[in-house]
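Novice: Would you mind keeping the following structure in view while I ask a few things?
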Amino acid sequence: ETLGGTWPVKHDASDLVRRILDLLPRSGASEEALESILPHLRSAVDTLEAGGRSDRGVADVAGMADFLHVSPIVGFANAIAPPFHFEIDSEAKVARGHGAFRRAHEGGPGIVHGGLLAATVDELLGMATTFAGQPGMTGRLSMRYHHPTPILEELVLEARLDKQKGRRLFMSCDVHAGDVRTASAEAVFIVVGREKFADLDTQRQAKESAE
């Protein structure tokens with residue numbers, strides 16, 4: 001995909017912030033060295049605040065136009081995202097994801113924080129609701145952690161729609177690190193109309209205008 005506007009530089013800037021998130025908590029830099037970078041960080045904040053908010057694009061589902069840029073899981077312009085790469089395999093009827101968590105996502109020593117892994121699984125399951133032809137929201141998510149999931153190693157996720165009963169979508173997902181299945185999930189998503197997303201987007205815009 002060819003990116004336009006300011007997205008490429010936002011992606012580059014987010015990569016630098018990711019490096020800061022990885023390095024800062026355990027940095028051995030002196031107090032003086034850390035203080036020396038504060039003016040640069042404050043200047044960056046001032047620049048971003050002065051720029052205001054950009055307009056969101058138009059999407060089939062209201063408020064979701066920039067999701068692939070700003071998502072906390074796959075958003076290349078969101079510095080808290082690892083980020084992961086998601087894609088739909090229409091022939092196999094599965095949604096697949098791959099990527100690696102960083103040091104900033106560490107829970108136990110050398111392993112991914114379980115809640116962050118659950119969030120990633122949840123997002124991929126949400127993408128897999130496309131096989132129902134309508135967007136869905138999480139109603140219930142049950143995770144099983146079979147083995148510790150490592151940071152800094154490529155993970156492969158696969159999510160699927162197992163069956164549909166009315167508005168309820170029964171979903172499942174597996175997480176692998178190499179040949180090891182580290183986690184699995186079962187979930188129920190609820191089909192919601194596009195008007196629900198439009199209503200949520202209207203509420204968001206009202207809050208942003210009031211800030």
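Values in this text are rule-based calculations from the coordinates and carry no lab data. This one's a predicted model, so the numbers in the text were calculated from it and none came from an experiment. Backbone-built Cβ (ideal geometry, glycine too); neighbour counts: all protein chains shown.
Novice: Shape call for the chain from the C-alpha gyration tensor, a ≥ b ≥ c root eigenvalues: rounded (a/c under 1.5), prolate (a/b greater than b/c) or oblate?
Specialist: Taking the square roots of the gyration eigenvalues as a ≥ b ≥ c, the chain is oblate.
Novice: A follow-up question, please. Mind running the shape call on region 70-118? Use the C-alpha gyration tensor, a ≥ b ≥ c as the square roots of the eigenvalues: rounded below 1.5 for a/c, prolate if a/b tops b/c, oblate otherwise.
Specialist: Here region 70-118 falls in the oblate category.
Novice: If you place +1 on the Cβ of every Lys and Arg, -1 on the Cβ of every Asp and Glu, and leave all else neutral, what size is the dipole of region 1-41 about its Cα centre, to the nearest 20 Debye?
Specialist: 120
Novice: Using a Gaussian network model of the chain whose springs link C-alpha atoms within less than 10 Å, name the residue from G126, G193, G97 with the highest mean-square fluctuation.
Specialist: G193
Novice: Turning to a different aspect of this structure: Just need the relative contact order of the chain here, percent rounded to a whole number, with Cα pairs under 8 Å and 6+ apart.
Specialist: 16
Novice: While we're looking at this one, here's another question. What dipole magnitude, in Debye to the nearest 20, does the chain give about its Cα centre under +1 on Lys/Arg Cβ and -1 on Asp/Glu Cβ?
Specialist: 780
Novice: Tell me the net charge near D12. Cut-off is 12 Å between Cβ atoms, D12 excluded, with +1 for each Lys or Arg and -1 for each Asp or Glu.
Specialist: +2
Novice: Hey, another quick one. Could you tell me which helices of the chain pass both thresholds, a Cα extent of 27 Å or more along their own axis and a mean Kyte-Doolittle hydropathy of at least -1.0, with helices taken as whole DSSP H runs?
Specialist: Both cut-offs are met by 31-50.
Novice: Kindly count the pairs of lysines across the chain whose alpha carbons are less than 26 Å apart, treating pairs on different chains or eight or more residues apart as eligible.
Specialist: 7
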